[in-house]
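The values are calculated or read from the model by the stated rules, or taken from the named source; none is laboratory data. As the structure is a computational prediction, the values presented were derived from the model and not from experiment. Here the Cβ positions follow ideal geometry from the backbone for every residue, glycine too, while neighbour counts run over all protein chains shown. We work out accessible area using only protein heavy atoms, side chains counted, and drop any ligands, DNA or RNA first. Shrake-Rupley method; radii C 1.70, N 1.55, O 1.52, S 1.80 Å.
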Amino acid sequence: MTSSTGGSAPTTEFSGRTGEVLERLNRLYPALIDLSLGRLETLLGKLGHPEEKLPPVIHVAGTNGKGSTCATLRAIGEAAGLRVHVMTSPHLVDVTERFRLAGTLVSEAELVATLEEIEQVNAGAPITVFEVLTAAGFLLFSRHPAELAIIEVGLGGRCDATNVLKHPAACIVTSVSMDHEAFLGNTLEAIAAEKAGIFKPGVPAVTGAQPEAVRRVLEAQARTVGAPLACRGEAWQIAPVVSSGVAAEDGSLIFTDSQGSLTLPAPALTGPWQMENAGLAVAALRVSGLSVPEAGWQGVGKVSWPARMQQLHGALAQSLPAGWELWLDGGHNPGAGHALAQELQTWGDEPLHLLVGMKQTKDASGFLNPVLPYATTLWAISEPTQHLALPVEAIVEASAGKAQVGPTLVRALDALKARSDGQPARVLICGSLYLAGVALTQDGWTPRA
């Protein structure tokens, strides 16, 4: 099963009645990825333009951090008492994860009914699965009352299916780095231009710390379309709360912009990069004109987002020796590798075993090189149900021969347990959201309503 953008997903994840409808729709257009808007615009016209009947929208593009930023926006909105819709991609275990309606995941029955309605209206016209899923999100959001909608770009921005949105309340571009070069270009400037394609005339936009080449492109595009762009370091700042030269023990943050300063709780999500994602969410809401009561900002400390530096506690974790920790992260490109390395720098107190599986189209060396110095052992993983899994031999090669062959999570963990000397250690499963989905399933995780 494939989608036009936002990542494809294994056929096994599109199960039951949802899978049956999506399999039929998948036959209507054979392209894995086709970045264009015409097919979806035609379909939305037939559906009565539900994308024009949404609550205020925050539209989020970028290479890394999109999902965490969306989750932070949602947590702030809900802490403020707002009903919040969220559309993200890809999903980890079940396609219903992509659509949160006023705080609750869509039911399979409602999603199937919506997809069948779209299938009937589309009447066999060429359409990609991601375009259908995007249309489904708009239709669902238009039918359920809410005060805020958060919509994540699937791939790129300019020609991503979600970019049919004409008047969002604000736009965000998170960290930009190399990824999806075959579709977005093989330079940072080209990729940044695609991300900046979500900017709209008069719609405020927010971005964080970016490479200079990226920042120049974002600023130029913002000027071209007439979008006020708020950059970190100029329009807004975020940093740890410091007293007498020492960061606050509780990890609290101070956010500052032209409207004043806010004290925020420590981000609930692990990793030093989450400070910027929190800042992006706060900055976007502040420039959007939406009213957020003081209690809303406390949502920064209540964010939940699986497979982003998440500690596991289920079946897989419980199979490890006493004192061991099992962690999971879905980062899968060079930018994610560098960000992950920042966190691993603080993990030197215990041995670290990395279990790495990747998608065939990803830059395995670019992801591995930053994290390799922190690994006590490295294991190449390719699960049977892992979508487009890179062969373990390729991961070993990308690691300059440092990786051992798993080849599965369970077998690699069994090998580590057999070698255990009784001392505490950490295991990190990483390199792919598709591997993350497999790991979560094996650990016993299920999406929560």
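Some points to look at:
- Options 270, 263; residue that is at pLDDT below 95 and either surrounded by fewer than 23 Cβ atoms within 10 Å (Cβ to Cβ) or in a loop (DSSP other than H, G, I, E, B) (or both): 270
- If you go through the range 427-448 and keep only what is open to solvent by 30 Å² or more (accessible area, probe 1.4 Å), not hydroxyl-bearing (Ser, Thr, Tyr) and not in a loop (DSSP other than H, G, I, E, B), you end up with just 442.
- Output for the range 359-371, where each listed residue is surrounded by fewer than 17 Cβ atoms within 10 Å (Cβ to Cβ) and either assigned to a helix (DSSP H, G or I) or over 23 Å from the mean Cα position of the chain (by Cα) (or both): 365
- Residue match in the range 313-335 (condition: open to solvent by less than 10 Å² (accessible area, probe 1.4 Å) and free of Cβ contacts under 8 Å to residues at least 60 places away in the same chain): no
Results for (1) in contact (Cβ under 8 Å) with a residue 24 or more places away in the chain; (2) buried (at least 18 other Cβ atoms within 10 Å of the Cβ); (3) not in a loop (DSSP other than H, G, I, E, B), shown as yes or no for each residue.
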residue	(1), (2), (3)
280	yes, yes, yes
286	yes, yes, yes
295	yes, no, yes
345	yes, no, yes
349	no, no, no
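Residue-wise test of (1) in a helix (DSSP H, G or I); (2) in contact (Cβ under 8 Å) with a residue 60 or more places away in the chain; (3) open to solvent by less than 10 Å² (accessible area, probe 1.4 Å).
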{"site": "133", "(1), (2), (3)": "yes, yes, yes"}
{"site": "138", "(1), (2), (3)": "yes, yes, yes"}
{"site": "141", "(1), (2), (3)": "yes, yes, yes"}
{"site": "150", "(1), (2), (3)": "no, yes, yes"}
{"site": "159", "(1), (2), (3)": "no, yes, no"}
{"site": "163", "(1), (2), (3)": "yes, yes, no"}
{"site": "166", "(1), (2), (3)": "no, yes, no"}
{"site": "172", "(1), (2), (3)": "no, yes, yes"}
{"site": "177", "(1), (2), (3)": "no, yes, no"}
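- Residue within the range 372-379 that is under 23 Å from the mean Cα position of the chain (by Cα) and closer than 17 Å to residue 426 by Cβ present: no
- Counted residues, the range 93-118 - those being open to solvent by less than 50 Å² (accessible area, probe 1.4 Å) and touching a residue at least 60 places away in the same chain (Cβ under 8 Å): 10
- When restricted to residues that are in a loop (DSSP other than H, G, I, E, B) and either open to solvent by 20 Å² or more (accessible area, probe 1.4 Å) or at pLDDT below 95 (or both), the range 391-406 contains 4.
- Residue 304 fulfils the conditions (1) loosely packed, with under 15 Cβ neighbours inside 10 Å; (2) touching a residue at least 40 places away in the same chain (Cβ under 8 Å); (3) farther than 30 Å from residue 433 by Cβ except for a single criterion, (3).
- Test: residue in the range 212-234 that is open to solvent by 40 Å² or more (accessible area, probe 1.4 Å) and assigned to a strand (DSSP E or B): yes
- Search result, residues across the range 68-85 that are touching an Asp or Glu at 6+ places or on another chain (Cβ under 8 Å) and open to solvent by 10 Å² or more (accessible area, probe 1.4 Å): 82, 83
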